[in-house]
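Input: a single structure, listed below in C-alpha cells.
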Amino acid sequence: MRLENFTDISDSLRCGVYALCTKGVVIYVGKSKKMLSRINSHRQAWADKRRGKAESWIAERLGIPGLLFDQVWVRPCRPDEIDALESDMINLYKPRYNVQLKT
C-alpha cells in the first residue's frame, strides 16, 4: 500500500541500530529491538533533565542518556547482527556519548 504524501517508516519500528545526530555530527549510536520507542526514550530523558528532574526513571532504570538531537538515522538489521553492527558504527563514528568509548 502506498499513501500519497506520506513516508513509510515501518523499518523504524523494527530491530536495528540508530544514530542520533546534532548539527550533522553523530553524538550517540544505540541498538534496540524496538527502535522507535528507544529513540523516544532518549528524547523523554532529555526533557526530564531539562525540567529539573535530575534522576528520571528512564535514565536511572534503562541507562539511557537524555540527549538533544535534531536527526535520527536508522539501520534495520536481524537480531543476530545487532551487536556487531552497533560496535562497528561506534568504532566508525566515535560518538561522544557512548559509554563504551569512556575509559
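Bear in mind that the values in this text are calculations on the coordinates, not laboratory data. These figures come from a predicted structure and were not determined experimentally. Backbone-built Cβ (ideal geometry, glycine too); neighbour counts: all protein chains shown.
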Inset, instruction - Take the alpha carbon gyration tensor of the range 8-53, find the square roots of its eigenvalues, order them as a ≥ b ≥ c, and report rounded if a/c is under 1.5; if not, report prolate when a/b exceeds b/c, else oblate. - result: oblate
Inset, instruction - Give, as a single signed number, the net charge of other residues whose beta carbon lies under 12 Å from the beta carbon of L13, with Lys and Arg counted +1 and Asp and Glu -1. - result: +2
Legend entry - At R0 = 30 Å, FRET efficiency that the Cβ-Cβ distance of Y93 and R2 yields, to 0.05: 0.35
